[in-house]
Amino acid sequence: FVRMRFEEMPTNRFVESSFWNFDALFQPQQHPARDAHDTFFVTRPEKTSGERFPADYLERVGAVHEDGGYGSIGYRYNWKLSEAEKNILRTHTTAVSSRMLYKLAKKFEKEGKFTPMRYFSIDRVFRNESVDKTHLAEFHQCEGLVADYNLSLAHLIGTVEQFFRNIGMTDIKFKPAYNPYTEPSMEIFALHPGLGKWLEIGNSGIFRPEMLRPMGLPEGVSVIAWGLSLERPTMILYGVDNIRDLFGHKVDLDMMKTNPICRIGL
Amino acid sequence: LSTSKELGKVYTDEEFEDVCFDFGIELDDVTTEKQMERNELGLSKSDMDVDNEEEEEIIYKIDIPANRYDLLCLEGISRALRIFQGKQETPTFVKEVVAGNEVQTMHIKPETALIRPHVVCATLRNVTFTAESYKSFIDLQDKLHQNLCRQRTLVAIGTHDLDTLKGPFRYEALPPEKIVFTPLKQTKDFNAKDLMEFYKTDQKLKQYLHIIEDSPVFPVIYDSNDTVLSLPPIINGAHSAITLDTKNVFIECTATDHTKANVVLNTVVTMFSQYCAKPFTVEPVNVVDQFGAERMYPNLDLVEFEVKQKDICKAIGVELSSEHISDLLRKMQLLVEPKEEETTGGSLIVKVPPTRSDILHACDIYEDVAIAWGYNNIVKQVPKTMTYGKEFPLNQLSDLLRAEMAMVGFTEILTWALCSLKENFEYVRREHLAETAVTIGNPKTLDFEVCRTSLLPCALKTLAANKDAPVPIKLFELSDVILISEEHETGAKNERRLLALFSGKESGFEVIHGVLNRIMQVLGVPVELGDKMTNPEAYSWKESQDKTFFPDRQATVMYKKKEIGIFGVVHPEVLKAFDIVYPCSALEINIEPFCFDQHGNEILE
């Protein structure tokens, strides 16, 4: 990432408010991912007080969910501050991306000109899943984004291809997908030479205007982003079939010592 | 679905998978009814009856995007795919009253505002059901109930045989005892209060009872003969149940969310009006609300978006003419009317049909153009702007320290941040600190009650899980713990810690002490021996009485007058709690105070 001129985001914040994790990303409050089934809700500290969110931005976010604006018809439901205040363990590192983009917008407001940025992060996220061979309650996500004028799907494809080539995957293709906060969205598939199968290795898209415009990012600036989990590709690459062999206290110390150096990208 | 019937030709599984891939849906599995049964029972092919296996209908399991409610049924998917392949034009849905029929009316009474304020309705005339389309009709309602309706809490659908009823209809909310009817699948009358009790043991319905059971009034729909159509969102009445012979269908969607009620109603009628004698016609229903205002439903109006041809090209990175864009959008069920100033590389008016409720903004239209063009046909470009790569300072520091720890012969571990209250406090003899941890509500796995406030329990668990490892065992972890902190925005913060653990035939106290000295050495922090703490840039240690460690064999680490960590021989009771046999020593320090640059300036916010 650093080689590709990306700056690392500060992701050392596991407890996040629903506001930055969901609402700022234009993910509606009735979305199934915000269910207690999928998300860890924190009981102490239970919520982030609404006063701690930037007041005018908070208002614009609520408004775009309820009525739309910036060319959108919105979701047309009653947006509640109390939902946004609920604390959770972050479900994706995109929560940090939303904070960084907001900061970037504030910088634009202050300086009068927009500074294009490339950001990345690699850190832990949490999902309320039952633990089994391929699922854990916590895992790692890798995310990259580019904010600049006039970025298109073609640029996203080019950037994503460059990234995956750097980690040893050269044969990739894209499939239409859906995320609440990106449109267009693309799932990224790579050809696994050993298995001869196309496997899903990541997700990507262009952030929706309903997410970017309330932050104050100027018209014409778009943000392309992509992400992948670390555990799954590692399991495929190393032929590990139980995720608990890779991460957690049950990892075999002997395996750790004897595993050879990583030659990907050499 | 049968590809030959729905798509006009026979596809192999791979070909069909490719069609799905390009469109944006995923062919998850190809199976048969019998195979699914086998899978459920965990049997292999030879264990069950293989008679007639060849004649078994192939079932495709298709994953669809969560915002495409029009793809929740066979009718929707096949129609969308045919339009995508240019084999069919997008239907125009018409609101029409077929001669000889009267528009139905639904009156909303004010009390419904207490429990479930909205209802929208529509009528489908002269429908012909087959066994398959009937099943599909029921399945679609189920799927909508699970997804968009959020388990019926937001919207509930009721479908009825109109010929068994007599309008006008009333949507009321009454005390439960006053509502008496024979529900679907029953043969005798119940009042709604008893019905709630009755359904408490019903596997399918008990999960919906909570939506209304505590309300003083329950929602209910009557016709003019006082026949109960339904008790939303629980159950319909048996009287108006739809059968294979039903010709005229009355649909009512009660809701707490008006927008979603409309999407649900539109989805049902746009999908199943294809079976009406005059396909794609829907008979409107007049809904009179509590203030007397009248509105006709369903609202099948096309939603208009004005998009500029050059914005589309800029967004997807491909040059396309307005005409080409129109053709592409047609494949995605979006109709285009070019605006007059075509010479100015002008705008297009895109008309979105009721099947595409997922279109909220022009960017949704850009995506459809790109899908129709083919994502993999887009020629890639790379953004040319110069930016500067750099790591987050704390992470860069962490990586440098990890290397140093490995160089002194310690093995890195990476453990979970979530653990149980017992592990994090009781087992390490820190019960008095139980209130300092971030707690989780209803985790699926009971072990995950709190976020860790120390890396020590995690390392001890790793040790316990590796009893076969040869001693001495030297582990380290450099990772975050989570602490309650009111001054931080969310009320909690991460803290980056280094933990080192030694386990062997002897406790290794001097080894752990040596690790501390070495780490401080590579951090460039001088040591000050003794308690005086006169050098602000130095670190020191002093004896402590922490219960986790052995008395007289432990010390806290001090830096800039603050306690930043602790080290010592781990207390035998702690070892016992974790089921560890060999003695251990551990060091745990907060490394954030050491995140400064080469000039000594702090760089952590």
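The values are calculated or read from the model by the stated rules, or taken from the named source; none is laboratory data. Quick caveat: nothing in here was measured; it's all calculated off a predicted structure. So basically every Cβ, Gly included, is an ideal-geometry build from the backbone, and we count neighbours across all protein chains shown. Just the protein is used for accessible areas: all its heavy atoms, side chains included, with ligands, DNA and RNA removed. Shrake-Rupley method; radii C 1.70, N 1.55, O 1.52, S 1.80 Å.
Order A:235-244, B:229-238, A:67-76 from most to least packed using the mean count of other Cβ atoms within 10 Å.
B:229-238, A:67-76, A:235-244
In deg cm²/dmol and to the nearest 500, what is the mean residue ellipticity at 222 nm of chain B if only DSSP H runs of at least 4 residues count, each as -39500 (n - 2.57), divided by the residue total? Don't jump to the answer; show the numbers that get you there.
Working: 14 runs with 151 residues, N = 605.
Calculated mean residue ellipticity at 222 nm is -7500 deg cm²/dmol.
Cα gyration tensor of segment B:165-217, axes a ≥ b ≥ c as square roots of the eigenvalues: rounded (a/c below 1.5), prolate (a/b > b/c) or oblate?
Here segment B:165-217 falls in the oblate category.
Using the Cα atoms of segment A:168-266, I'd like the radius of gyration and the largest Cα-Cα distance, Dmax, both in angstrom.
Final numbers for Rg and Dmax: 17.9, 54 Å.
How big is the equivalent ellipsoid of segment A:1-104 along its three axes, where each semi-axis is √(5λ) from the Cα gyration tensor, reported in whole Å from largest to smallest? Kindly include the intermediate steps, with their values, before the conclusion.
Numbers: eigenvalues 100, 70, 35 Å².
Semi-axes (√(5λ), whole Å): 22, 19, 13.
Roughly how crowded by other chains is peptide B:424-434, in terms of the mean Cβ count from those chains within 10 Å of each of its Cβ atoms?
That works out to 0 on average.
Could you state how much accessible area is buried at the A-B interface, both sides summed, with a 1.4 Å probe, in Å² to the nearest 100?
Numbers: alone 14340 and 31720 Å², together 38300 Å².
Rounded to the nearest hundred, the buried surface is 7800 Å².
Please work out the Cα center distance from segment B:460-511 to segment A:174-204, rounded to the nearest Å.
Comparing the Cα centres of segment B:460-511 and segment A:174-204, I get a distance of 37 Å.
Could you work out the mean count of beta carbons from other protein chains within 10 Å of each residue's beta carbon in A:156-166? Let's see the in-between values first.
Working: counts 7, 9, 7, 4, 1, 2, 2, 0, 0, 0, 0.
The mean count of partner-chain Cβ atoms within 10 Å per residue comes to 3.
Of A:LYS106/B:LYS314; B:LYS310/B:LYS380; B:LYS135/B:LYS204; B:LYS166/B:LYS247; B:LYS109/B:LYS185; A:LYS175/B:LYS384, which ones are farther than 21 Å apart at the Cα?
Going by Cα-Cα distance, A:LYS106/B:LYS314; B:LYS109/B:LYS185; A:LYS175/B:LYS384 fall outside the 21 Å limit.
So which lysines can B:LYS474 reach, going by Cα to Cα under 23 Å and dropping same-chain residues fewer than 8 places off?
The reachable lysines, counting only those whose Cα sits under 23 Å from B:LYS474, are A:LYS250, A:LYS257, B:LYS461, B:LYS505, B:LYS547, B:LYS576.
Please report, in whole Å³, the volume per residue of the convex hull around the C-alpha atoms of segment A:83-133.
That works out to 98 Å³ per residue.
Before I look further, what does the protein assembly as shown give for accessible area per residue, probe 1.4 Å, in whole square angstrom? Please report the intermediate quantities before stating the final value.
Working: 38300 Å² over 871 residues.
In whole numbers, the protein assembly as shown has 44 Å² accessible per residue.
For the protein assembly as shown, just the Cα atoms, rotate onto the principal axes and tell me the three extents in Å, largest first.
102, 70, 63
In nm, give the distance between the simple-model label positions of B:GLU537 and B:LYS9, each being 7 Å from the Cα along the Cα-to-Cβ direction.
If labels sit at B:GLU537 and B:LYS9, their model points lie 7.7 nm apart.
Give me the one-decimal nm value for the distance between modelled label points at B:GLN88 and A:ASN166, 7 Å along each residue's Cα-to-Cβ direction.
4.6
Rg to Rh for chain A: what is it, with Cα atoms only and Rh by Kirkwood?
Rounded to two decimals, Rg/Rh equals 0.97.
Go through A:LYS103/B:LYS444; B:LYS278/B:LYS331; A:LYS103/B:LYS260; A:LYS197/B:LYS351 and tell me which ones have a Cα-Cα distance over 29 Å in this structure.
Checking Cα-Cα distances, A:LYS103/B:LYS444; A:LYS103/B:LYS260; A:LYS197/B:LYS351 exceed 29 Å.
Per residue of A:7-20, how many C-beta atoms from partner chains lie within 10 Å of its own C-beta, taken as a mean?
Values: counts 6, 8, 2, 7, 5, 12, 8, 11, 13, 3, 3, 0, 2, 2.
Average per residue, whole number: 6.
With a ≥ b ≥ c taken as the square roots of the eigenvalues of the C-alpha gyration tensor of segment A:48-125, please select rounded if a/c is under 1.5 and otherwise prolate if a/b is larger than b/c or oblate if it is not?
oblate
So, R0 is 45 Å and r is the distance between the beta-carbons of B:GLU426 and A:LEU237; what FRET efficiency does that work out to, to 0.05?
About 0.70, to the nearest 0.05.
How far, in degrees from 0 to 90, does helix B:74-84 lean away from the longest principal axis of the Cα atoms of chain B, to the nearest 10?
90
Cut-off 14 Å, label point 7 angstrom out along Cα-to-Cβ of B:GLU563: give me the residues of segment B:422-436 whose amide nitrogen falls inside.
Answer for segment B:422-436: B:430-434.
Please report the relative contact order for chain B, taking Cα pairs under 8 Å with a sequence separation of at least 6, and give it as a percent rounded to a whole number. Please report the intermediate quantities before stating the final value.
Values: 1091 pairs, mean separation 66.3, N = 605.
It rounds to 11 percent for chain B.
Could you check the simple spin-label distance between B:ASP189 and B:ASP202, using points 7 Å along Cα→Cβ, in nm with one decimal?
Label-label distance for B:ASP189 and B:ASP202, simple model: 1.9 nm.
With r as the distance between the Cβ atoms of B:ASN601 and A:LYS80 and R0 = 51 Å, compute the FRET efficiency 1/(1 + (r/R0)^6) and round to 0.05.
Approximately 0.75, to the nearest 0.05.
Among DSSP bridges having both ends in the protein assembly as shown, what percentage is antiparallel? Round to the nearest 5. Working shown, then result.
Numbers: 135 of 150 bridges.
If I count the DSSP bridges inside the protein assembly as shown, around 90 percent turn out antiparallel.
May I ask you to give the percent of accessible area on the protein assembly as shown that is carbon plus sulfur, with a probe radius of 1.4 Å?
Percent of accessible area from carbon and sulfur atoms in the protein assembly as shown: 51.
Volume per residue, Å³, of the convex hull around the alpha-carbon atoms of segment B:490-605?
Convex hull volume per residue, Cα atoms: 123 Å³.
First measure r as the distance between the Cβ atoms of B:GLU132 and B:SER544, then evaluate 1/(1 + (r/R0)^6) with R0 = 56 Å and state the FRET efficiency to the nearest 0.05.
For B:GLU132 and B:SER544, the calculated efficiency is 0.15.
Please label the shape of segment A:54-177 as rounded, prolate or oblate, based on the square roots a ≥ b ≥ c of the eigenvalues of the alpha-carbon gyration tensor (a/c under 1.5 means rounded; beyond that, a/b larger than b/c means prolate, else oblate).
Values: a/c = 1.78, a/b = 1.17, b/c = 1.53.
Oblate, since a/c reaches 1.5 and b/c is not below a/b.
For chain A, what is the calculated [θ] at 222 nm in deg cm²/dmol (nearest 500), taking -39500 (n - 2.57) for each run of four or more DSSP H residues and dividing by its residue count?
Roughly -7500 deg cm²/dmol at 222 nm, from the helical runs in chain A.
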